[in-house]
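First comes the structure, then the notes that go with it.
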Amino acid sequence: MIGTVLSRYAAVNDRVRVLLVERLDLMRTDTASDRGNTSLPRERVAEIDAQLPLLLRRHRMLQQASVTLYAAAMILVGSMVTIGVGAIVGRRPWGTISLLVFLLGTLVMIGGLAVVVRETGISNDALRLEVERVQGLDRRTEGLS
């Protein structure tokens, strides 16, 4: 579970870096050439500018989810330790403590997964935005040929 979140985190990170390099290249191209139609590079820069805030938000959410899931794993390991201590000591409160620590770990894990679910929705919105902008670009550039 944590591995999947970290893979998504790395993919979003890589996408942000690729878009930033592309944006810088387009800005250099746009300022270097004052001839012809430069609306396509400008449109792409605008598209990148629209995508970056969503990607940064997803990146932050995935970071929060990974930290939360790691915390849940540590809490669940703590519940195993309390079970072991309870087995050695043999006193009644250790069973209750173990259960409470386990429930806490489970709740923290559910919280981390909820963040991943929200991030998936934002990912869907970002993809839809990109597709709609590219489709709109086709309609706007038909008159330029």
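I'd like the residue in the range 1-32 that is surrounded by 14 or more Cβ atoms within 10 Å (Cβ to Cβ) and β-branched (Val, Ile, Thr) and, out of all such residues, is farthest from LEU55 (Cα to Cα).
Ranking the candidates gives ILE2 first.
In the range 47-93, what count of residues is obtained for those that are of a type in the set (S, T, N, Q) and in contact with a Ser or Thr (Cβ under 9 Å, 6 or more places away or on another chain)? Talk me through it step by step, then tell me what you get.
Within the range 47-93, the subset of a type in the set (S, T, N, Q) is 51, 63-64, 66, 68, 79, 82.
The next check asks that each one be in contact with a Ser or Thr (Cβ under 9 Å, 6 or more places away or on another chain); those that pass are 79, 82.
Looking only at that region, the number is 2.
Identify the residue in the range 47-93 that is touching a residue at least 24 places away in the same chain (Cβ under 8 Å) and of a type in the set (Gly, Ala, Ser) and, among all such residues, is farthest from ASN13 (Cα to Cα).
Only one residue tops the list, namely SER79.
Bear in mind these aren't lab numbers, they're just calculated from the coordinates by the rules spelled out. The structure displayed is predicted, hence computed values, not measured ones. We place every Cβ from the backbone using ideal geometry, glycine too, and count neighbours over all the protein chains shown.
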